[in-house]
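As structure tokens, the structure follows; a few thoughts come after it.
The values are calculated or read from the model by the stated rules, or taken from the named source; none is laboratory data. Predicted model only: the values in this text are computed from it and were never measured. Note that we place each Cβ from the backbone using ideal geometry, even for glycine, and neighbour counts take in every protein chain shown. Accessible surface areas use protein heavy atoms only, side chains included; no ligands, DNA or RNA. Shrake-Rupley method; radii C 1.70, N 1.55, O 1.52, S 1.80 Å.
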Amino acid sequence: MAMTSFLDGPAHGSGLGSVGEARLTPDLSTIRTIPWSKQDEMVLGDLNVQPGQAWEYCPREALRRASKILKDEFDLVMNAGFENEFFLLKRKIRDGKEEWIQFDSTPYCSSSAFDAASPILREITSALHSMAIPVEQLHAEAGKGQFELVLGHTICAKAADSLVYTRETIRSIARKHDLLATFIPKYTLDDLGSGCHVHLSLWQNGQNVFMASDETSKYGISTLGEEFMAGVLHHLPSILPFVAPLPISYDRLQPNTWSGAYLFWGNENREAPLRASSPPGTPGGFASNFEFKSFDGSANPYLGLTAIIAAGIDGLRRHLSLPEPVDTDLNPRNLQRLPKSLSESLESLHKAEFLDEFFGDKLLIAIKAIRKAEIDHYLENKEAYKQLIHRY
């Protein structure tokens, strides 16, 4: 929990070093047979100081704590459904050096890209289904060699667990086929990046209460849903370090790339970082969830979802209201730019006192130290980001 993307050692100032002990306790409810290696199993775990006592830095415990506050104060549960964008890369030796090049160069939803990758994609889907992880959609994306796999929504803690297993599955099965799958937010600077958009909704007694109950709502969103979403929008600059944690994450969050570069929300506006969503089957004029687009594949899903819940709870407590949506093509002169770099978003995080209750001082100190170390390292080593394909 103090290690960076470039070194398996604690970041300076993280508060963690060579002294102390934590134990990874298997959560046996998450044990799964590995579909591509059936003689083996994998399991997720909690970080504990001792049995039954959570370590202050445990990310799964942070998400549980935030979810409990949401439940205890407002009788709400947050559901999440992730969209996984990733690149498939193939190995090539050129002049004695290893290179990784994109699987293909076809456009969005290309049938030829899908056909070429179908043996891999079919095996990935089958493996996920065998682990009770529902796949709702799978298609070629807009980047060269890029694909997207969409998971069904479920309670947020389970959604985070499923996301971890999904990443493991995609990378492992790609490796079986002599390919490298990477979730890095930006593979080449002249192509589109990969996000991990997440769709969020609020539930109460098995009912979706993010969606308005009648047609009197201005945006098709309930009061609870609007206040929660308003909190996320209000705090978006300060929670970016949790969902876009690498310097290269901000090369993805650029205008005119449908990734969300400005601070606003919209109805079906793909340039919005927060987008009210009405999938097929939703009654006209109503929104069943909102899409949060800043999340990328280098983010820890437990910490990212904790930050989103914390921001939403602050919106509920303060009864924040959404501003008017932007449902036209953007005029940047009328909009606030979101942080353009990890340095800028880290500055916002330093000012966000509302997060202390949800993360605790020690975990926040560690996260801030890691982000600072990432900034310094990649500033001094301009080409180092290229090695991140092997980590994410």
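Computed quantities for the displayed model
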item: Any hit, the stretch 129-149, residues being assigned to a loop (DSSP other than H, G, I, E, B), more than 24 Å from L44 (Cβ to Cβ) and either among the basic types (K, R) or modelled with pLDDT of 95 or more (or both); result: yes
item: Listing of helices (runs of 4 or more DSSP H) fully contained in the stretch 300-392 that carry 3 or more residues being hydroxyl-bearing (S, T, Y) and open to solvent by less than 70 Å² (accessible area, probe 1.4 Å); result: 342-350
item: In the stretch 1-30, residue modelled with the highest pLDDT [restricted to those that are part of a loop (DSSP other than H, G, I, E, B) and open to solvent by 80 Å² or more (accessible area, probe 1.4 Å)]; result: H12
item: Residue in the stretch 161-180 that is in contact with a Lys or Arg (Cβ under 6 Å, 6 or more places away or on another chain) and not aromatic (F, W, Y) present; result: yes
item: The stretch 92-128, residues that are open to solvent by 40 Å² or more (accessible area, probe 1.4 Å), touching a residue at least 60 places away in the same chain (Cβ under 8 Å) and farther than 18 Å from L192 by Cβ; result: E123, S126
item: Index of the failed condition, R175 passing every other in (1) touching a helix residue (DSSP H, G or I) at 6+ places or on another chain (Cβ under 9 Å); (2) assigned to a helix (DSSP H, G or I); (3) under 17 Å from Y392 (Cα atoms); result: (1)
item: Long-range neighbours under 9 Å by Cβ, at least six apart or interchain, first residue touching a residue at least 24 places away in the same chain (Cβ under 8 Å) and open to solvent by 70 Å² or more (accessible area, probe 1.4 Å) within the stretch 33-55, second of a type in the set (S, T, N, Q) and assigned to a strand (DSSP E or B); result: P51/T25
item: Answer residue from the stretch 163-201, given it is among the basic types (K, R) and without any contact (Cβ under 8 Å) to a residue 24 or more places away in the chain and is farthest from G260 (Cα to Cα) among those; result: R175
item: Cβ-Cβ under 7 Å pairs, at least 6 apart or on other chains, the stretch 317-344 side on the phi < 0 side of the Ramachandran plot, far side open to solvent by 90 Å² or more (accessible area, probe 1.4 Å); result: L320/H234
item: Any chance L224 is part of a helix (DSSP H, G or I) and either open to solvent by 10 Å² or more (accessible area, probe 1.4 Å) or under 22 Å from S288 (Cα atoms) (or both); result: yes
item: In the stretch 166-184, the residues that are of a type in the set (S, T, Y), in contact with a strand residue (DSSP E or B) (Cβ under 9 Å, 6 or more places away or on another chain) and open to solvent by less than 10 Å² (accessible area, probe 1.4 Å); result: T166, T182
item: Residue that is closer than 22 Å to A299 by Cα and either open to solvent by less than 40 Å² (accessible area, probe 1.4 Å) or in contact with a Leu (Cβ under 8 Å, 6 or more places away or on another chain) (or both), where the choices are M131, M78; result: M78
item: Extreme residue, most open to solvent (accessible area, probe 1.4 Å), among residues of the stretch 137-154 that are out of contact with any Cys (no Cβ under 9 Å at 6 or more places or on another chain) and farther than 19 Å from R171 by Cα; result: H153
item: Filter pass, G284 being in a loop (DSSP other than H, G, I, E, B), free of Cβ contacts under 8 Å to residues at least 24 places away in the same chain, more than 13 Å from L200 (Cα to Cα) and of a type outside the set (A, V, I, L, M, F, W, C); result: yes
item: Conditions (1) under 18 Å from the mean Cα position of the chain (by Cα); (2) in a loop (DSSP other than H, G, I, E, B); (3) over 16 Å from L274 (Cβ atoms); number of the one not met by C196; result: (3)
